[in-house]
Amino acid sequence: MEFKEFKLNKDILKALEDIGFEKATAIQEETLSNLLDQKTDLVGLAQTGTGKTAAFGLPMLHNIEYNNHVQGLVLCPTRELCLQITKDIKSFSKYLEVNTTAVYGGADIKNQIKDIKRGVSIIVATPGRLIDLIKRKVVKLQEIKIVVLDEADEMLNMGFKEDIDFILQETNEHKNTWLFSATMPKDVARIASNYMQDPHEISIGHKNQSNENIEHHFYAIRERDRYEATKRIIDYNPSIYGLIFCRTRIDTAEVAEKLSREGYKAEPLHGDLSQAQRTRVMTRFRNKEVQLVVATDVAARGLDVADLTHVIHHKLPEDIENYTHRSGRTGRAGKKGISVSFLTKKELYRINQLEKVLKTSFVKKDVPEANNIVEKQVHQYIDKINSLEVNDKDIEKLLESVLNKFENDSKEEVIKKFISLQFQNFVSYYKNSSDLNKSFENSPSDRKSRRDRDRGRDRDRGRDRGRDRDRDRGPRNDDPNAKRFHISLGRNDNMNPGALIRIICDSTRIKSSEIGKIQIGNRDSYFDTNKENGSAIISALDGKDYEGQTMNIKMSKSSGDSSSRRGASGGGSRNDSYGGNKRNQRDRSNRGFSNNKRRRN
Ligand code: AMP
């Protein structure tokens with residue numbers, strides 16, 4: 001239905017025309033049909049990106065009186081969302097005498113107090129800051145007519161349960177409450193039953209269902225290929241504009257740094273950044289100066305960036321609700337989007353879970369190989385050339401002399417030369433790259449078979465060299481610089497000498513020959529190397545994830561002496577993922593990949 005078919009205030013209709021909104025989205029149709037002339041509570045189950053802001057913003061503006069007492073309150077989980085909603089409500093009400101203000105934490109409270117004291121009809125707030133203002137008696141909610149709880153599930157996830165209770169108790173009994181949530185966990189249902197009277201229920205899509213505009217793709221990979229596979233997806237989609245999600249701040253910073261070092265326009269977004277830094281990243285992202293933002297779940301909450309083509313789950317979140325929130329950043333406003341996940345053999349079972357809960361299917365894709373990627377890149381480049389509008393006058397002056405230089409070349413030869421110049425670094429980067437799909441197929445099928453394999457190996461080793469000498473090379477124990485380091489994973493965690501050397505060499509500049517004796521126990525392991533190397537290894541790997549287990553590494557008290565140990569540490573509380581291959585990456589940049597990428601972008 002078109003907006004003008006609803007009995008909306010004329011000034012609101014005029015503003016919508018200015019913005020270019022003609023037809024109401026499904027959720028807007030529902031709310032406009034039910035909330036314009038009726039005083040009712042409402043529970044709306046809807047994903048982000050469905051047009052929720054107008055769905056509650058328009059009926060709110062239509063129903064409140066335009067005076068300077070707070071009449072409408074919108075509670076939302078994050079500062080980003082708070083600013084976005086405020087901006088939208090202001091644009092819907094540009095022809096109305098309504099003041100709307102945003103209050104959120106992390107900003108100067110004095111300015112917010114000044115704004116409120118000037119008189120506002122609508123406050124859009126994050127819960128913590130609103131409580132502060134209520135306690136200071138700056139905000140009074142007794143005359144409130146409408147309270148909106150937006151992204152209620154997110155607010156509860158973020159620990160605002162008590163705050164929401166406090167705020168709702170400050171309001172009068174006659175108000176109406178409109179609650180919107182992408183999912184309906186128990187706590188959200190509790191708010192609905194405690195604070196609402198016979199709410200009208202609307203549901204866009206069914207419970208916990210994923211947005212239909214989003215395609216869900218997944219790739220089966222080995223853990224060590226996670227970053228490389230992510231890069232291949234990016235390279236295969238040269239116009240990608242997306243969000244990459246990691247589980248931890250450390251991973252987020254690391255992936256963003258690696259990508260930007262390799263010439264991609266990528267920036268991190270996580271809780272260690274100041275508010276000013278985060279705002280700068282988001283502004284650059286919105287202006288498309290940044291093509292990829294690598295974010296933690298918390299930092300990306302409430303983000304609304306139009307036209308994102310992809311959401312990449314560098315690592316899947318632990319819970320399905322977070323998957324929904326992450327994926328919902330793409331496929332907004334009727335546009336198509338792709339949500340990409342990478343899963344190791346151990347993680348593949350999660351696809352069934354996701355499909356069941358989201359009631360949608362996930363498509364298994366092959367990680368693009370070098371030739372697919374290069375072909376896609378070249379074609380995109382040619383299409384760009386074909387659609388280029390050339391300013392004849394500027395070029396004409398040069399053309400004759402340039403053409404003279406090519407007089408002995410055919411058209412094919414000239415094109416060949418241009419393409420190989422443009423893509424030589426790219427081609428040479430991918431020249432010896434492996435087929436990640438085959439690597440996945442050839443990897444051991446599960447933990448058990450790997451354990452069996454390692455047990456077999458250990459048995460052989462035991463026969464040949466004695467069980468306590470798993471590996472013995474590099475600095476010897478009698479080397480005065482050799483120190484013994486303890487790692488909290490052992491055979492039971494799939495740790496073996498080869499794996500240990502691989503993760504050390506992949507994450508540091510240390511060569512395998514610099515690692516001395518390695519001893520793998522059932523629950524923990526030891527290796528020898530000099531003190532400097534040890535510190536580098538600890539800073540690169542301590543607390544990282546190895547096949548789902550946290551590695552803790554420290555210098556052993558029994559330095560240089562393996563005999564005194566047994567029994568092992570458990571995992572620590574940090575849960576950062578190991579996923580890097582800095583050595584390969586340096587090699588790539590040396591080959592000039594990064595320059596090529598920069599040129600391409
Ligand atoms: P929301 O779910 O409110 O964050 O809206 C998602 C996106 O859809 C925003 O970029 C809105 O500007 C846009 N949008 C919302 N409603 C409409 C509409 N009726 N017509 C066109 N675009 C809309």
Inset, instruction - Output the peptides 144-152, 525-533 sorted from most to least packed, where packing is the average of other Cβ atoms within 10 Å over each peptide's residues. - result: 144-152, 525-533
Inset, instruction - Please work out the Kirkwood hydrodynamic radius for the chain, using every pair of different C-alpha atoms, and report it in angstroms with one decimal place. - result: 27.6
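Is the shape of the stretch 68-151 rounded, prolate or oblate, going by the alpha carbon gyration tensor and its root eigenvalues a ≥ b ≥ c, with a/c under 1.5 for rounded and a/b larger than b/c for prolate?
Values: a/c = 1.34, a/b = 1.12, b/c = 1.20.
Judged from the Cα gyration tensor, the stretch 68-151 comes out rounded (a/c under 1.5).
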Legend entry - Accessible area in the full protein assembly, largest first, 1.4 Å probe, for SER239, SER339: SER239, SER339
Inset, instruction - Rounded to the nearest 10 degrees, what's the angle between the helix 411-431 long axis and the longest principal axis of the chain, both from Cα atoms, 0 to 90? - result: 80
Legend entry - Label-point separation, LYS376 to LYS359 (7 Å along Cα→Cβ), nm: 3.2
Inset, instruction - Enumerate the calculated ³J(HN,Hα) couplings along the stretch 80-92 in order (Karplus 6.51 cos²θ - 1.76 cosθ + 1.60, θ = phi - 60°), each rounded to whole Hz, writing x wherever the residue is Gly or Pro. - result: 3, 5, 4, 5, 5, 5, 4, 4, 5, 5, 4, 6, 5
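With a 1.4 Å probe and all protein chains kept in place, how do ASP392, ASP506 rank by accessible area, largest first?
Details: ASP392 100, ASP506 20 Å².
Largest accessible area first, the residues go ASP392, ASP506.
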Inset, instruction - Please list, in chain and number order, the residues 5+ apart from VAL148 or on another chain whose amide H is under 5 Å from its amide H, with Hs placed from the backbone. - result: LEU73, VAL74, LEU75, TRP178
Inset, instruction - Measure nothing but the geometry: give the 0 to 90° angle between the long axis through the Cα atoms of 370-386 and the longest principal axis through the Cα atoms of the chain, rounded to 10°. - result: 50
Inset, instruction - Can you figure out the FRET efficiency of ASN391 with LYS335, using R₀ = 30 Å and their beta-carbon distance, to the nearest 0.05? - result: 0.40
Inset, instruction - Could you go through the stretch 166-178 in sequence order and give the Karplus-derived ³J(HN,Hα) for each residue, using 6.51 cos²θ - 1.76 cosθ + 1.60 with θ = phi - 60°, rounded to whole Hz, and x for Gly and Pro? - result: 4, 5, 5, 5, 7, 8, 7, 6, 8, 5, 10, 10, 10
Inset, instruction - Just list whichever of LYS110/LYS135; LYS10/LYS335; LYS335/LYS384; LYS87/LYS359; LYS511/LYS531 have alpha carbons separated by over 26 Å in the model shown. - result: LYS10/LYS335; LYS87/LYS359
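Calculate how many DSSP beta bridges within the chain are antiparallel, expressed in % of all such bridges and rounded to the nearest 5. Let's see the in-between values first.
Values: 16 of 69 bridges.
DSSP beta bridges in the chain are roughly 25 percent antiparallel.
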Inset, instruction - Mind giving me the nanometre distance, one decimal, between the label points for LYS411 and LYS4, set 7 Å out from Cα along Cα→Cβ? - result: 5.1
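By how many nm would the segment from GLU22 to GLN38 grow when fully extended, if each residue of separation counts as 0.36 nm and the alpha-carbon distance is taken off?
3.4 nm
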Inset, instruction - Could you tell me whether the stretch 193-318 comes out rounded, prolate or oblate from its Cα gyration tensor? Rule is a ≥ b ≥ c as square roots of the eigenvalues, rounded for a/c under 1.5, then prolate if a/b exceeds b/c, otherwise oblate. - result: prolate
Legend entry - Approximate spin-label separation LYS140-ASP383, in nm, with each point projected 7 Å along Cα-to-Cβ: 6.1
Legend entry - Tail fraction, Cα-Cα pairs, the stretch 1-118, threshold 21 Å, whole percent: 39
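If you rank TYR66, TYR219 by how much accessible surface each has, with a 1.4 Å probe, what is the order from largest down?
On the way: TYR66 85, TYR219 20 Å².
So the residues, ranked largest to smallest area, are TYR66, TYR219.
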Legend entry - Solvent accessible area, Å² - ARG79, 1.4 Å probe, full protein context: 60
Inset, instruction - Would you pull out the residues with amide H under 5 Å of GLY516's amide H, same chain only if 5 or more places away, H placed 1.01 Å from N? - result: ASP528, THR529
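Once fully extended, how much extra length lies between ASP435 and GLN422, figured as 0.36 nm per residue of separation less the alpha-carbon to alpha-carbon distance? List each step's numbers first, then the result.
Working: separation 13, 0.36 × 13 = 4.68 nm, distance 2.40 nm.
That works out to 2.3 nm of additional length.
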Legend entry - Violating pairs (Cα-Cα greater than 20 angstrom) within the set LYS315/LYS431; LYS315/LYS364; LYS258/LYS365: LYS315/LYS431; LYS258/LYS365
Legend entry - Protection-proxy order for peptides 34-40, 266-272, each taking the mean of Cβ atoms within 10 Å per residue, highest first: 266-272, 34-40
Legend entry - Listed residues THR296, GLY271, THR283: farthest to the positive end of the dipole of the stretch 256-307 (Cβ charges): THR283
Legend entry - Other-chain or far-sequence residues with amide H under 5 Å of GLU201's (modelled H): VAL43
Legend entry - Where the chain is the region considered: accessible area per residue in Å², 1.4 Å probe: 48
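Once you have a ≥ b ≥ c as the square roots of the Cα gyration tensor eigenvalues for the stretch 132-218, tell me rounded if a/c is under 1.5, and otherwise prolate or oblate according to whether a/b is larger than b/c. It would help to have the intermediate numbers written out before the result.
On the way: a/c = 2.54, a/b = 1.87, b/c = 1.36.
In terms of gyration-tensor shape, prolate.
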Legend entry - Calculated FRET value between GLN275 and SER512, using beta carbons and R₀ = 41 Å, to 0.05: 0.40
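Can you give the local net charge around ILE12? Use residues other than it whose beta-carbon is closer than 13 angstrom to its beta-carbon, Lys and Arg +1, Asp and Glu -1.
Numbers: positive: LYS4, LYS7, LYS10, LYS14, LYS90, LYS94; negative: ASP11, GLU17, ASP18, ASP88, GLU97.
Its environment carries a net charge of +1.
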Inset, instruction - For LYS14, go through the aspartates and glutamates and keep the ones whose alpha-carbon is under 17 Å away, minus same-chain ones fewer than eight residues off. - result: GLU2, GLU5, GLU22, ASP88, GLU97
Legend entry - Taking the chain and dividing mean pair separation by its residue count, relative contact order in percent (alpha carbons under 8 Å, at least six apart): 12
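Ignoring ligands, DNA and RNA, please state the percent of accessible area on the chain from carbon and sulfur, probe 1.4 Å. Could the numbers behind the result be given before it?
Working: 13290 of 28600 Å².
Looking at the chain in its full context, I get 46 percent from C and S.
Anything over 23 Å Cα to Cα? Flag those among LYS265/LYS417; LYS4/LYS288; LYS114/LYS137, in the order listed. Please list the in-between numbers first.
On the way: LYS265/LYS417 27 Å; LYS4/LYS288 34 Å; LYS114/LYS137 13 Å.
The pairs that break the limit, which is 23 Å between Cα atoms, are LYS265/LYS417; LYS4/LYS288.
The values are calculated or read from the model by the stated rules, or taken from the named source; none is laboratory data. Nothing here was measured: the structure is a model prediction, and the numbers come from that model. Note that we place each Cβ from the backbone using ideal geometry, even for glycine, and neighbour counts take in every protein chain shown. Just so you know, the surface numbers come from the protein's heavy atoms only, side chains and all, with ligands and any DNA or RNA stripped out. Shrake-Rupley method; radii C 1.70, N 1.55, O 1.52, S 1.80 Å.
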